[in-house]
Every structure is written in C-alpha cells, then in structure tokens.
Amino acid sequence: MEFPAGTAKNRALTDNIFVLYNCIFNRIPVILCGNPGCSKTSAVQIVISNMRGKTSKNEFFRKQEELIAVSYQGSQNCTSESIIKVFERADRYANKNKQTTAELLPVIVFDEIGLAELSPHNPLKVLHSELEVEQCRHGFVGLSNWRLDASKMNRAVYFACPEPDLDDLETTATSLSESMASKAEQENPLSQTAIHALAYVYLDTCDYMKKERNQQYFGLRDYYSLI
C-alpha cells in the first residue's frame, strides 16, 4: 500500500490495516477500539485510498472491488433515524453498482461510535439487525476510544489497539522527525539518542501517572506534538 509522506509504519497502524482489509472485503463488521492517536482513523483512510478497484496502482488491488466510504460522525445527540439513513446511503451505492460495470463496495465508517452509545435516544439499537451475519451486505467499521456494551460487541470483530511500547514510539518519532526536517530543508533531524530519551521519558511519565494518580493525563498526540 501507498502511505502518505511522513507516516510511521508502526505496529498499531499495520495491525489496524491488516484487520480492516480482511474484515471489509469479507463483510465482517469490525470495531477498532483504542486511545486517541493509535492510528484508527489513519488506517481507515489508507485502506480506502489504496482500494480503488480497477484504477488502483497495485495490480493485486485491481482485482478487487473499489471501496466507497460512507462516513458518519457519532455524537451524544445522534438518533436511530440518522443511522438508518447511513445504511440507506450505502444501499444506494450498492444499487448503483448493479447498474454499471464498476465493482463498488460501500464501507460505513462510524466515527466516535462510543459517543453515540451515550445518546439518550439509544440510537445503536438499529445496529442489532444491520450487523447480523445474514444482513451484512456492506463493509462496516466502528471507531471508538472505549469498549461498547456486549450486545454491540458480539455482532462485530472487536480489535483492541495495543498500547505502544518503546520501539513503537521510537519508530513513530523517527518518521515524524525525518519528515519535518525534510519539509524544512534541514539536514539533521532529531538524533536517535534524543528520540530514545524522549520515548523513554514519555513511557515513564505515563506509568507514573497511572500508578500514583490513577489517571492518563498525557496521550499519544501529546507525544507527537513533542517530537
């Protein structure tokens, strides 16, 4: 696959892409769950941008369907009716597919599905029927920062994005540093010694906050900004 410039091919991103690719093309609903900054959205964008059917740059991908993203932003105010309309939009893409020679596969990308679960309208109840094995006619990807209740999780593959280790943090920092140095036309990005030290201190600080204060004050995006 082609990656945007400066993208770090760390464990979280490559694992997410592997799971997404297999689930989408087999019409298996999948929910990616992990803290902000663990490459959930990036993985979805990379998969969809590479899977362009017959116009794909990679010969292997040309033999497969073209992915069409049907996006929906979850919130505490969303309703069952609005979610139903998303599936109806995907159905229209599928019906259009039957009328043309193009092979299209709609993929419903439900961002912040965890927030939708907090809605007083209980909108996710409509997913119970839509995500049953016999009913899955499209790709379905849910992105959440926390686990959903069992009734939703049981109808999809649940993939917990792992916490980064020291190697993951160093790989990401190296890619970010080299990319930014290149854009600024600088010859020297951060040294490996500095990157190792920053990654180690970040992990050590996070461990301290969890053990001593039982809170996760710093996140991955803070680390990326630091680099």
Checklist entry - Highest GNM mean-square fluctuation, the chain, Cα pairs closer than 10 Å: which of Phe60, Phe87, Phe25? => result Phe60
Item to check | Overall form of the chain per C-alpha gyration tensor (a/c, 1.5; a/b vs b/c) | outcome: oblate
Checklist entry - Roughly what angle does helix 40-50 make with the longest principal axis of the chain, taking Cα atoms, 0 to 90 degrees, to the nearest 10? => result 60 degrees
Next on the checklist: By the 4.7 Å beta carbon criterion, which cysteine residues of the chain come out unpaired?
Outcome noted: Cys23, Cys33, Cys78, Cys136, Cys206
Next on the checklist: Can you tell me how the stretch 128-227 classifies by the Cα gyration tensor, rounded, prolate or oblate, using a/c under 1.5 as the rounded cut?
Outcome noted: oblate
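Over 20 Å between C-alpha atoms is what I'm after, so list which of Lys85/Lys125; Lys125/Lys152; Lys40/Lys211 land there.
Working: Lys85/Lys125 14 Å; Lys125/Lys152 8 Å; Lys40/Lys211 26 Å.
The answer is Lys40/Lys211.
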Item to check | Computed lengthening from Asn145 to Asn58, 0.36 nm per intervening residue step minus Cα-Cα distance | outcome: 28.1 nm
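Leaving out ligands, DNA and RNA, and with a 1.4 Å probe, what % of the accessible surface on the chain is carbon or sulfur? Kindly include the intermediate steps, with their values, before the conclusion.
Details: 6390 of 12770 Å².
Reported share for carbon and sulfur atoms: 50 percent.
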Checklist outcome for this item: If one compares the long axis through the Cα atoms of helix 192-213 with the longest principal axis of the Cα atoms of the chain, the angle in degrees, nearest 10, works out at 70 degrees
Item to check | Extreme residue, positive dipole direction of the chain, given options Asn16, Gly219, Thr174 (C-beta unit charges) | outcome: Asn16
Checklist entry - Angle between the Cα long axis of helix 80-99 and the longest principal axis of the chain, 0 to 90 degrees, nearest 10? => result 70 degrees
Item to check | Computed FRET value (nearest 0.05) for Cys136 with Phe18, which takes r as the C-beta separation and R₀ as 30 Å | outcome: 0.95
Checklist entry - Taking a ≥ b ≥ c as the square roots of the eigenvalues of the Cα gyration tensor of the stretch 1-116, is the shape rounded (a/c under 1.5), prolate (a/b larger than b/c) or oblate? => result oblate
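The values are calculated or read from the model by the stated rules, or taken from the named source; none is laboratory data. The structure presented is a predicted model; accordingly, all values stated were derived computationally and were not measured. Positions of Cβ are generated from backbone atoms using ideal geometry, with glycine treated the same way; all protein chains shown enter the neighbour counts. Accessible surface areas use protein heavy atoms only, side chains included; no ligands, DNA or RNA. Shrake-Rupley method; radii C 1.70, N 1.55, O 1.52, S 1.80 Å.
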